[in-house]
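First comes the structure, then the notes that go with it.
The values are calculated or read from the model by the stated rules, or taken from the named source; none is laboratory data. What you see is a predicted model; the values in this text were computed from it and never measured. Glycine gets a Cβ as well: all are built from the backbone with ideal geometry, and neighbour counts include every protein chain shown. The accessibility values were calculated without ligands, DNA or RNA, using every heavy atom of the protein model including side chains. Shrake-Rupley method; radii C 1.70, N 1.55, O 1.52, S 1.80 Å.
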Amino acid sequence: SGYDKISPFQQCKKNIKKNKGELMKKSLSLNALLNTVKTVLGIIFPLITFPYISRVLGVENVGKVNFSGSVVSYFTLIAAFGVSTYAVREGAKIRDNKKKFIDFSNQVFTINVLTTVLAYFLLGILIIFSAKIRNYTGLIVILSTAIVFVTIGADWLNTIYEDFGYITVRTLAFQIISLVLMFAFVKESDDYYKYAVITVLSSAGGNLCNFFYCKKYAKLRVVKLKNIKKHITPMFMFFMSNITTIIFLNSDQTMLGMICGDYSVGLYSVAVKIYTIVKNVFTAILTVMMPRFSYMQSNEKSGSSEKLRTNVLNIFVLFVIPMAVGLFCVSDGVIALIGGNEYIEATASLRILSVSILCAAAASFMTYIVIIPEGREKVMLTASTASAAINVVLNIFLIPIIQQEGAALTTAIAEFVVFAVEYKAAGIKLEKKSAWKNIITVIVASAMIVICNIVVRFIVKNIVIATIIIIIAAAIMYFATLYALKNECVLIAWRRIKRMLC
């Protein structure tokens, strides 16, 4: 009958809705791929530059730069004030309303400018009144210039609109530039000031490009603040959570520098560098997902959210567990490859941090996929505050006794505390049968990495050569075992590869 017919307007609306859903699905996959590419580049370039820098500058000077960086990081956090995380979550909800979005962006940018001014003021006071910090004034001033560029860059605009294509190209361009500058100008142990300048330029250049590029989304300007409490309250929650996170991440190097000196910081910094590289792989995937989960949450798509959450977890586990197990097995070889034999004492620290990867991955999953999209900042603040307090207290007792190993151990404990608190509070829903089957097959396959490590080390005595063989052989055995165990993710990926080849 006539009542069953759909009007042209309704049909058009239906088609738009369908195409929008398909586009979102496609863009999410593309964004994940682009951000993974960016992360891989972020792994490759440090693998090229850090072995060179660690050998040229030496343990002491690497320690000086990293200690100065750890001091600056606290003031970078004050300037950031939780702006980026808040902007991405709230901006993703209103990005289709241009007028409302521009007003929101200018309010957020104005707050960010004010917090940046405050950060530089406090940093100046610290340099004036602390004799220990004053010894590192030159490095601190150089490294702190990145703060203002981060503010004017407003990279959160790109993340809100999921513009990961631009982010990836920009990152690649400035990594290549910094790589060329590094080899051209850093040639002696006293060139650590040049190294600091190039480090800032690599990020500052990208943020300067952002200042012009982001005008396509919103022309940012300082405006009169209105309804400030609406923005400040959640920002403050994110800020407090971030500052407690930075405390347990950077207090290790700061306290090592204060208690044990630059040499211990230099050793620990190599282990942390490798740990951070691995951690950035899974953080990149989760960062891509956060705006989409925020969008789903605001549009009450809980069913779709649960299904996507399970899929993300399955893929996440597929890579996180073998990375942690593999890094534990080849810690000495990785240290020798990246830092050289001069840093081999950092092996024990890296082994502890490889265990921390599991805790950090679980905590990051809870934070980016559940807690932030659902607007539960208080849970995140409670978790990060508890972990920071535990980390600082344990550092006070453990660093004087076991130095960098103590710092690594407290990091692992702190990461576990974040996960435990957030998991208990969240009560997430997953397709449990699918998730647990995936986890079990991954654990069984990861055992093959351990077996491979034992066999290769028995045959090959050279650490570096053995490490290279283990990485290649273990990867093959791991995925072959998953295929034999009929892991769903691997089977789907294999079928897609076959279709592409055929």
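Worth pointing out:
- Checked against the criterion of being more than 30 Å from ASN97 (Cβ to Cβ) and assigned to a helix (DSSP H, G or I), the range 185-192 contains one or more residues that satisfy it.
Residue-wise test of (1) among the basic types (Lys, Arg); (2) more than 23 Å from the chain's Cα centre (by Cα); (3) open to solvent by less than 50 Å² (accessible area, probe 1.4 Å); (4) over 21 Å from THR85 (Cβ atoms).
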| position | (1), (2), (3), (4) |
| --- | --- |
| LYS226 | yes, yes, no, yes |
| THR233 | no, yes, no, no |
| THR244 | no, no, yes, no |
| CYS260 | no, yes, yes, yes |
| GLY266 | no, no, yes, yes |
| VAL270 | no, no, yes, yes |
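- If only residues of the range 388-402 that are surrounded by 22 or more Cβ atoms within 10 Å (Cβ to Cβ) and either among the β-branched types (Val, Ile, Thr) or over 22 Å from the mean Cα position of the chain (by Cα) (or both) are counted, the one that is nearest to ALA363 (Cα to Cα) is ASN395.
- Pairs with Cβ under 7 Å, 6+ apart, first in the range 330-342 and closer than 22 Å to VAL450 by Cα, second crowded, with 19+ Cβ neighbours inside 10 Å and of a type in the set (Gly, Ala, Ser): SER331/SER354; GLY333/ALA466; ILE335/ALA346
- Applying a threshold of 7 Å to beta carbon distances and a minimum spacing of six or more residues, or different chains, the list of pairs starting in the range 258-281 at a residue that is modelled with pLDDT of 75 or more and ending at one that is outside any helix (DSSP H, G or I) reads VAL270/GLY339.
- Restricting the first member to the range 115-139 and to residues that are more than 12 Å from THR76 (Cβ to Cβ), and the second to residues that are of a type in the set (Ser, Thr, Tyr) and open to solvent by less than 70 Å² (accessible area, probe 1.4 Å), the beta-carbon pairs closer than 6 Å and six or more apart or on different chains are ILE127/THR137; TYR136/SER68; LEU139/SER68.
- Candidates are the residues of the range 72-93 that are more than 19 Å from ARG376 (Cα to Cα) and touching a helix residue (DSSP H, G or I) at 6+ places or on another chain (Cβ under 6 Å); the one that is most open to solvent (accessible area, probe 1.4 Å) is THR76.
- Candidates VAL169, VAL222, VAL200 - the one that is open to solvent by 50 Å² or more (accessible area, probe 1.4 Å) and part of a helix (DSSP H, G or I): VAL169
- The selection criterion, being touching a Lys or Arg at 6+ places or on another chain (Cβ under 9 Å) and open to solvent by less than 70 Å² (accessible area, probe 1.4 Å), does not hold for THR116.
- Test for ALA362: is it modelled with pLDDT of 80 or more, closer than 23 Å to GLN403 by Cβ and open to solvent by 10 Å² or more (accessible area, probe 1.4 Å): no
- Residue list for the range 203-219, restricted to those being in contact (Cβ under 8 Å) with a residue 24 or more places away in the chain and either open to solvent by 50 Å² or more (accessible area, probe 1.4 Å) or within 24 Å of the chain's Cα centre (by Cα) (or both): SER203, ALA204, GLY205, GLY206, ASN207, LEU208, CYS209, ASN210, PHE211, TYR213, CYS214, LYS219
- Among the conditions (1) farther than 30 Å from ILE344 by Cβ; (2) more than 21 Å from the chain's Cα centre (by Cα); (3) open to solvent by 50 Å² or more (accessible area, probe 1.4 Å); (4) touching a residue at least 12 places away in the same chain (Cβ under 8 Å), LYS100 misses just one, which is (4).
- Index of the failed condition, GLN175 passing every other in (1) within 21 Å of LEU57 (Cβ to Cβ); (2) out of contact with any Gly (no Cβ under 9 Å at 6 or more places or on another chain); (3) open to solvent by 20 Å² or more (accessible area, probe 1.4 Å); (4) not hydroxyl-bearing (Ser, Thr, Tyr): (2)
- Comparison of PHE365, PHE319 shows that the only residue that is under 16 Å from the mean Cα position of the chain (by Cα), touching a residue at least 40 places away in the same chain (Cβ under 8 Å) and more than 29 Å from GLY58 (Cα to Cα) is PHE365.
- Failed item in (1) within 24 Å of the chain's Cα centre (by Cα); (2) open to solvent by 40 Å² or more (accessible area, probe 1.4 Å); (3) of a type outside the set (Gly, Ala, Ser), with PHE129 passing the rest: (1)
- Top-ranked residue of the range 463-495 - restricted to ones that are over 16 Å from SER446 (Cβ atoms) and touching a Ser or Thr at 6+ places or on another chain (Cβ under 9 Å), ranked as surrounded by the fewest Cβ atoms within 10 Å (Cβ to Cβ): LYS486
- Of the listed requirements (1) open to solvent by less than 10 Å² (accessible area, probe 1.4 Å); (2) farther than 30 Å from ILE371 by Cβ; (3) under 22 Å from the mean Cα position of the chain (by Cα), ILE140 misses just one: (3).
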